[in-house]
1. When Lys and Arg each count +1 and Asp and Glu each count -1, what net charge do the other residues less than 14 Å away from ARG112, Cβ to Cβ, add up to?
2. Could you tally the net charge around VAL53, taking each other residue with its Cβ under 9 Å from the Cβ of VAL53, Lys/Arg +1 and Asp/Glu -1?
3. Counting C-alpha atoms alone, how compact is the range 105-161: give Rg to one decimal and Dmax as a whole number, in angstrom.
Amino acid sequence: MKRHLVLAFGVLSSLIAFPACSSDDDEKPAVVEELRMNCSAETVAGPAIDYTVSGNTLTISANGQSSQITRSGSASGDKPIYGTWQLPPATATSGDPAYAAKHQLRVTGNIRIEPNRVTVTTNCTTLEHVMSASATSPATITDTTLQVLEAHKEEKYWSSRTGESTLTKKSIDTLAVEPQLEGDEPLSGGVAFPFAAY
């Protein structure tokens, strides 16, 4: 009897130390949501726009539209407009708004104005990834007007499965068809200068 008790105790101990294994085939793999995001920056060619600078505030106006932006960095040169200006925050333009809120998409941009050129930079941030796009155009700048001379665009794409890539970095042909990605529309955010945030 003592022998049977020791044997039973040994079997019981092994069951505690090595619990029964279940087959991995019985469990379904968790579905991992793919996050996809576009981020773009664009210069928009057009007629000269009027501007005034008061302290660290730049006011631009054309065709009845007016917008104010704040200086975030200085630059050398003989015009008060030279420097870096913070554009207003933009919102996602496509994709499900609840999806954008869940991943905390934030789109910010700035414009760097230097002698004879402007550079627009967009920063797109989610909980999972940060990326930037930029576009530069020659410009004519006087004491009271700014004219963006060429349309340029950079658009970047990021997927949590495939990483980051550049979709577009070119002068814009308004008649060209932009490449389309398959599947659900990704989160998108971008900044265009002058005026537009999209």
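Here, each number is a calculation from the coordinates, and none is a lab measurement. As the structure is a computational prediction, the values presented were derived from the model and not from experiment. Using ideal geometry, Cβ is built from the backbone for each residue, glycine included, and neighbour counts are taken over all protein chains shown.
1. The answer is +2.
2. +2
3. Cα-based Rg and Dmax for the range 105-161 come out at 14.3, 49 Å.
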